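Enquirer: What follows is a single structure, and I will ask about it in a moment.
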């Protein structure tokens, strides 16, 4: 037969509002730091994409850039200054896919 446990609840097991507040403050600070870091990263990424856009514009009048960041987020940049350029890009993309498909069939 088992003996009844003589363990009593220690003070460390009871709820301490001061500790709870301290844990909440530390958690909130960590979340704020994390969010601030993510905002800075996103801002840096946006600046990098703008720089890429400006660099390509030095060499091409209209263009489309498709890809993924290192984090796996999709990136698409379309630079067309009027409807004619947009239509030309659409035609070029169609030709590209048709040519890719015809090469695979060969």
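Throughout, read-outs are computed from the coordinates displayed, never taken from laboratory work. This one's a predicted model, so the numbers in the text were calculated from it and none came from an experiment. Glycine also receives a Cβ, built like all others from the backbone with ideal geometry; neighbour counts cover every protein chain displayed.
Enquirer: Among 43-53, 64-74, how do they line up by average Cβ neighbours within 10 Å per residue, starting with the highest? If you can, show how the numbers build up before the last one.
Expert: Details: 43-53: 11.9, 64-74: 9.7.
The densest-packed peptide leads the list: 43-53, 64-74.
Enquirer: Another one. Would the range 24-106 count as rounded, prolate or oblate if I go by the C-alpha gyration tensor, calling it rounded below 1.5 in a/c and otherwise prolate when a/b exceeds b/c, oblate otherwise?
Expert: It comes out prolate by the Cα gyration axes.
Enquirer: Follow-up. Run the numbers on the range 16-79 and let me know its relative contact order in percent, using alpha-carbon pairs under 8 Å that are six or more apart.
Expert: With pairs under 8 Å counted, the relative contact order is 19 percent.
Enquirer: Work out the FRET efficiency for residue 69 and residue 26 from their Cβ-Cβ distance, taking R0 = 25 Å, and round it to the nearest 0.05.
Expert: 0.20
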